[in-house]
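The values are calculated or read from the model by the stated rules, or taken from the named source; none is laboratory data. Remember, predicted model here, so these are calculated numbers, not experimental data. Counting neighbours? That spans all protein chains shown, and the Cβs are built from the backbone with ideal geometry, glycine included.
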Ligand code: TA6
């Protein structure tokens, strides 16, 4: 598909959807329907991509915005992939809407031509790119019985230096520290200084990510039951072959998610939204 602002090209045998708009440039891989890069009008890259990322379709690409669906985290059936199938299949670019303010791409995963069978849920994603970055996951129950699922918009945000970052907007929220399997309350702004893997509940307000050299970002959501914050630090990164050892210094995952169980009645649908925008003081 080719439009005024969107072209499709091949890179290492993989299809890439390229967006070149006056307000932003972006690349989306067909594999995983994964936003890999988003640069604003000033050329500032908002997303982090591992230098060791594997992009041959053999595993999820480490970085950008992988989509975790129809489950978040490990599955009770350990033979099934962590974070579900959506990031492991090709996504078709279904439509493009564009104007002087931005581009909206609609993508749909192709489970039929994959080894993953999904019969009871359908999924499509809308990515809006302009002066801000918005991703919407639309899930519908296409079966005649109730279906439960979980999901996350697993966004790897780029930072200048993780040691110069702070996150506000989580104050007072309850969170599960997944590493210690412990429930705590967030007091004050969150400053990361170690391997962090936390699931925050009842996050009502937009989150602000402040980091030294870059302008602060606002991360807002809708339809989420939790916000996941992850940075593997050096210890965790060393355990991941596709995560470059020092990459933890320049990234933080802030994910709008439904980590609890979302249950849909027949024909019911649910939308999970994440919006990232620059805070211009
Ligand atoms: O989003 C946090 C998390 O669930 C962590 O527990 C860690 O596993 C991370 O996702 C990355 O998962 P992946 O399967 O992409 O290595």
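None of 104, 34, 18 is over 26 Å from residue 247 (Cβ atoms) and modelled with pLDDT of 95 or more except 104. Suppose we keep only residues that are surrounded by 18 or more Cβ atoms within 10 Å (Cβ to Cβ) and more than 9 Å from the ligand (Cβ to nearest atom) within region 226-243. Which one would you say is farthest from residue 147 (Cα to Cα)? Here the answer is 237.
Checking region 208-220 against the condition returns no match, with no residue being free of Cβ contacts under 8 Å to residues at least 12 places away in the same chain, within 22 Å of residue 153 (Cβ to Cβ), surrounded by 17 or more Cβ atoms within 10 Å (Cβ to Cβ) and within 15 Å of the ligand (Cβ to nearest atom).
Only strands (runs of 3 or more DSSP E) wholly contained in region 185-281 count here; list those with 1 or more residues that are closer than 23 Å to residue 128 by Cα.
Values: elements: 196-201, 207-211, 217-222, 226-231, 251-264, 269-278.
Hits in region 185-281: 207-211, 217-222, 226-231, 251-264, 269-278.
Taking the conditions exactly as written (surrounded by fewer than 21 Cβ atoms within 10 Å (Cβ to Cβ), within 30 Å of residue 142 (Cβ to Cβ) and out of contact with any helix residue (DSSP H, G or I) (no Cβ under 7 Å at 6 or more places or on another chain)), does residue 10 satisfy them or not? Taking the combined requirement at face value, the residue does not satisfy it. Exactly one residue out of 192, 176, 157 is within 15 Å of the ligand (Cβ to nearest atom), free of Cβ contacts under 8 Å to residues at least 40 places away in the same chain and touching a strand residue (DSSP E or B) at 6+ places or on another chain (Cβ under 7 Å): that is 176. Counting only residues that are farther than 17 Å from residue 163 by Cα and touching a residue at least 12 places away in the same chain (Cβ under 8 Å), region 195-207 holds 9 of them.
Evaluate region 121-135: report whether one residue or more is within 15 Å of the ligand (Cβ to nearest atom), surrounded by 14 or more Cβ atoms within 10 Å (Cβ to Cβ) and within 27 Å of residue 198 (Cα to Cα). Give the derivation first.
Narrowing region 121-135 to residues within 15 Å of the ligand (Cβ to nearest atom): none.
There is no residue in region 121-135 that is within 15 Å of the ligand (Cβ to nearest atom), surrounded by 14 or more Cβ atoms within 10 Å (Cβ to Cβ) and within 27 Å of residue 198 (Cα to Cα).
None of 104, 151 is within 15 Å of the ligand (Cβ to nearest atom), assigned to a strand (DSSP E or B) and either closer than 24 Å to residue 8 by Cα or touching a residue at least 24 places away in the same chain (Cβ under 8 Å) (or both) except 151.
Just one of (1) buried (at least 17 other Cβ atoms within 10 Å of the Cβ); (2) free of Cβ contacts under 8 Å to residues at least 40 places away in the same chain; (3) at positive phi trips up residue 36, so point out which. The single condition residue 36 does not satisfy is (3). With respect to the numbered conditions (1) surrounded by 14 or more Cβ atoms within 10 Å (Cβ to Cβ); (2) under 18 Å from the mean Cα position of the chain (by Cα); (3) modelled with pLDDT of 95 or more; (4) closer than 27 Å to residue 159 by Cβ, which one is the sole condition not fulfilled by residue 55? Residue 55 satisfies all of (1) surrounded by 14 or more Cβ atoms within 10 Å (Cβ to Cβ); (2) under 18 Å from the mean Cα position of the chain (by Cα); (3) modelled with pLDDT of 95 or more; (4) closer than 27 Å to residue 159 by Cβ except (3). Taking the numbered list (1) in contact (Cβ under 8 Å) with a residue 24 or more places away in the chain; (2) surrounded by fewer than 16 Cβ atoms within 10 Å (Cβ to Cβ); (3) under 28 Å from residue 70 (Cβ atoms) in turn, residue 182 passes all entries but (1). Among the residues of region 66-92, those that are surrounded by 14 or more Cβ atoms within 10 Å (Cβ to Cβ), in a loop (DSSP other than H, G, I, E, B) and away from the ligand (no atom under 12 Å from the Cβ) comprise 70, 85, 89.
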